[in-house]
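The values are calculated or read from the model by the stated rules, or taken from the named source; none is laboratory data. Keep in mind that what you see is a predicted model, and the values were worked out from it rather than measured. Positions of Cβ are backbone-derived with ideal geometry, glycine not excepted, and every protein chain shown enters the neighbour counts.
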């Protein structure tokens, strides 16, 4: 299961209701922050999530409304949260800007030595493809078109599993207990009667796990159809409405209608729109998208979405 929490959902500038872009994806013991606009620290506190285990930041791109909160966050994590290392991943241009920001906060040369009371900051360039993997899930970076090079979206996907088939086990006379557990975990076993049983003998067909796709600022949806195909949840920007599609194109963004068409054509189960402009009412954004793709929500700050395979997305607010 993945949990996606929106910390900031406004485009370009904050509003009374919405902060600047930031989100948190959680899976098991891992936390991945996606972008870090101004005010993100306070949103973490308001949500009740706090700063624990917050050691990985993924940047969709390097525009200031997506990175300016990193300086203050890094300072807090280092000085008060005793975090040993903060890993920041992004395109080359984004990391250049982050490097300059950290030098403002911590002083010249701070990235070449330990910064902020023993904590160090590593800047890792992203290349398209696999970015992180453990036995439960993997994270991939997807190149997107916005304004300039080095812009990315992120796909979180549970590892493919083969469920244990009890009927096959019964037919083979495999007893209940540790032997079945070992087979379910992919280990071959020897039965008391001397027969060797392989996991393949009792496992069902491979089943894809939950899939969560997070896309930030983007100007073209065409290249995204394949990477987001079949997603249980697609989070993507909706900075403009179709009535202003020329303005969206001029500024390197898409409309709510374009996002909905992508979700419909890619077989997405749930669409969640974010990075919305102050010029529009939320109900108008929702109406445009739902006319094309009914399973659409517009995220508010501190909204949480739990994504589980074969179950509907669970939506709640963490607002205090």
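Is it true that some residue in segment 304-318 is part of a helix (DSSP H, G or I), in the same structural domain as residue 46 (by TED's automatic domain parsing) and over 23 Å from residue 151 (Cα atoms)? No: zero hits.
For segment 128-164, the tally of residues that are buried (at least 16 other Cβ atoms within 10 Å of the Cβ) and part of a loop (DSSP other than H, G, I, E, B) stands at 5.
Every residue, every condition in (1) under 23 Å from residue 57 (Cα atoms); (2) in the same structural domain as residue 281 (by TED's automatic domain parsing); (3) free of Cβ contacts under 8 Å to residues at least 12 places away in the same chain; (4) not in a helix (DSSP H, G or I), yes or no:
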| position | (1), (2), (3), (4) |
| --- | --- |
| 213 | yes, yes, no, yes |
| 216 | yes, yes, no, yes |
| 220 | no, yes, no, yes |
| 223 | no, yes, no, no |
| 230 | no, yes, no, yes |
| 235 | yes, yes, no, yes |
| 243 | no, yes, yes, no |
| 246 | no, yes, yes, no |
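Residues in segment 186-207 include none that are modelled with pLDDT of 95 or more and surrounded by 18 or more Cβ atoms within 10 Å (Cβ to Cβ).
For segment 177-191, name all the residues that are assigned to a loop (DSSP other than H, G, I, E, B) and touching a helix residue (DSSP H, G or I) at 6+ places or on another chain (Cβ under 9 Å). Once the filter is applied, which keeps residues that are assigned to a loop (DSSP other than H, G, I, E, B) and touching a helix residue (DSSP H, G or I) at 6+ places or on another chain (Cβ under 9 Å), segment 177-191 yields 185, 186, 187, 188, 191. The residues of segment 35-50 that are surrounded by fewer than 23 Cβ atoms within 10 Å (Cβ to Cβ) and under 9 Å from residue 69 (Cα atoms), listed by number, are 38, 39, 41.
Residue check: is residue 90 farther than 23 Å from residue 302 by Cα and buried (at least 20 other Cβ atoms within 10 Å of the Cβ)? Here the answer is yes, as residue 90 does meet what is asked.
Exactly one residue out of 300, 291 is in contact (Cβ under 8 Å) with a residue 24 or more places away in the chain, over 21 Å from residue 46 (Cα atoms) and touching a helix residue (DSSP H, G or I) at 6+ places or on another chain (Cβ under 9 Å), and it is 291. Among the criteria (1) under 28 Å from residue 158 (Cα atoms); (2) in a loop (DSSP other than H, G, I, E, B), the one residue 26 does not fulfil is (2). The set of residues in segment 12-29 that are buried (at least 17 other Cβ atoms within 10 Å of the Cβ) and out of contact with any helix residue (DSSP H, G or I) (no Cβ under 7 Å at 6 or more places or on another chain) comprises 14, 18, 23, 24, 25, 26, 27.
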